[in-house]
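Laboratory data are not the source of any read-out in this text; all were calculated from the coordinates shown. It should be emphasised that the depicted structure is a prediction, and the values quoted were computed from it without experimental measurement. Every residue, glycine as well, gets a Cβ built from its backbone with ideal geometry; the counts of neighbours run over all protein chains shown.
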Amino acid sequence: MRASSGPPLALTMGEPGGIGPEITAKAYRALKESGPVFFVIADPALFDPFDIPIAKIAAPHEVSADLFSNALPVLNPGVPLKAAAGRADPANAPAVIASIERAVDCALTGAATGVVTNPIQKSSLIAAGFKFPGHTEFLEALTADSPMPARRRRGAVMMIAGPSLRTVPITIHQSVSEAARSLSSDMIISKALIVVDALKQDFAISSPRLAISGLNPHAGESGEIGGEEIRVIAPAVKTLREAEGVNAFGPLSADTMFHAAARAGYDAALCMLHDQALIPAKTLAFDEAVNVTLGLPIVRTSPDHGTALDIAGKGVASPRSLISALNLAADMAAARRRTS
């Protein structure tokens, strides 16, 4: 039986020409009896090819466990949409954006317990005039004027969470040279503290342990291969330990941080570069890893993959990452309720 979990989760449509509709239908089939209850904000016609029962709703409060067991609840954002599998049309950008905005509004008002986002085609949205590089920045802007929960720091931080590893990239979508130049002790400290908040209140880890990577090979070899470890990273670790009371250690050589014995020694790994964090996460759990945004006033998760236009409409897309994202969002929301 499904445990009571408060309001439903809000799931966005994502790119309508991608695999979002297919994995939503498959996730619904997998979760309808015992998984977390959710509704999707989309044109109901997107689900016509998937032979699942649809319940058109006007508001989230109409969604119950009984309704969910019998049909996928769909809330139409009311923006015209013409979708073709395998094609991302900039003309659909207003509908995609409206789905995200409505989901965030539902979470901020308490009508939804959290937001799960299907993948978007960033290039298509940007071609239509979208001013943000991706979901994270848009969600940060949409929630900027809303108060943070008690004892929480604001600042959108990406975490990739899998069954046996959580990683956080300190720098994200930058070239390696730009990332190295932008890295600072303050950046590491502020993101580490947001991660600590989340591990305590969203993941129910009372005494979080943070492993912090170096930037250069072999963590700089005492300055022989680069000085960022000495100038930037080690001082940040020292401040975290001595001034903030965080159980943080490093800088560590990134090539020895992710084997099983090493992973047993920490609750999250903070990595200086995007690929330092995402390569081990996706290698260990490609189909189950979840993209989590920390430092927002709402719970937000997403499958850790893209729109997969090349396989859209072929019936072969795996829903496992979306299922993991829905389950994790429900767990995080429940943890927040327990610690609030």
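With a Förster radius of 41 Å applied to the C-beta separation of SER182 and ALA59, the computed FRET efficiency comes to 0.40. Compared with the alpha-carbon gap, the fully stretched path from HIS218 to LYS82 is longer by 43.8 nm at 0.36 nm per residue. Specify the inter-centroid distance of the range 241-297 and the range 119-182, based on alpha-carbon positions, in whole Å. Cα centroid of the range 241-297 versus Cα centroid of the range 119-182: 16 Å apart. For the pair the range 218-239 / the range 20-92, the C-alpha centres are spaced 49 Å from each other. For the range 150-296, the residue among GLY155, LEU270, SER222 whose Cα projects farthest onto the positive side of the dipole built from Cβ charges is GLY155.
Dipole check for the range 150-296: with +1 at the C-beta of Lys and Arg, -1 at the C-beta of Asp and Glu, and the Cα centre as origin, the magnitude is about 540 Debye.
Just to be sure I follow the definition: excluding the sites themselves, where is the longest run in the chain that has none of the GluC sites (Glu not before Pro) in a DSSP loop with at most 11 other Cβ atoms within 10 Å? Of all site-free stretches, the longest is 34-223. Working from Cα pairs under 8 Å separated by at least six residues, relative contact order for the range 150-296 is 42 percent. At an R0 of 25 angstrom, the distance between the Cβ atoms of ASP275 and ILE311 translates into a FRET efficiency of 0.55. If you sort the three axes of the alpha carbon gyration tensor as a ≥ b ≥ c, you get a/c of 1.5 or more for the chain and a/b above b/c, which makes it prolate. Please say if the range 150-296 is rounded, prolate or oblate, where rounded means a/c under 1.5 for a ≥ b ≥ c the square roots of the C-alpha gyration tensor eigenvalues, and otherwise the choice is prolate for a/b larger than b/c and oblate otherwise? Since a/c stays below 1.5, the shape of the range 150-296 is classed as rounded.
Of all complete DSSP H helices in the chain, those with a Cα span along the helix axis of 27 Å or greater and a mean Kyte-Doolittle hydropathy of -1.0 or more are 320-339. Take every pair of alpha-carbon atoms less than 8 Å apart whose residues are at least six positions apart; their mean separation over the length of the range 1-158 yields a relative contact order of 29 percent.
Taking amide H atoms as placed 1.01 Å from N in the peptide plane, the amide H of ILE170 lies under 5 Å from those of CYS271, MET272, LEU273, each 5 or more residues away in sequence or on another chain.
Considering only alpha-carbon pairs that sit under 8 angstrom and 6 or more positions apart, the relative contact order computed for the range 277-334 is 36 percent.
Neighbours of ARG151, meaning other residues whose beta-carbon lies under 13 angstrom from its beta-carbon, give a summed charge of +3 when Lys and Arg score +1 and Asp and Glu score -1. Where does the chain land at 222 nm, in deg cm²/dmol rounded to the nearest 500, when only DSSP H runs of n ≥ 4 count, each adding -39500 (n - 2.57), divided by all residues? The helix contribution divided over the chain gives -10500 deg cm²/dmol. About its Cα centre, the dipole of the range 221-335 is roughly 340 debye, where the only charges are +1 on Lys and Arg Cβ and -1 on Asp and Glu Cβ. The charge dipole of the chain, taken about its Cα centre with unit charges on the Cβ atoms of Lys, Arg (+1), Asp and Glu (-1) only, comes to about 600 debye. Remark: LEU75, LEU193, LEU199 ranked as LEU193, LEU199, LEU75, counting other beta-carbon atoms within 10 Å and listing the fewest first. Cβ crowding within 10 Å, taken as a proxy for footprinting-reagent exposure, orders VAL246, VAL292 from fewest neighbours to most as VAL246, VAL292.
Excluding same-chain neighbours fewer than eight residues apart, the lysines reachable from LYS191 by a Cα-Cα span under 28 Å are LYS122, LYS131, LYS200, LYS238, LYS282.
With neighbour counts taken as other beta-carbon atoms within 10 Å, the residues VAL237, VAL40, VAL96 rank, fewest first, as VAL237, VAL96, VAL40.
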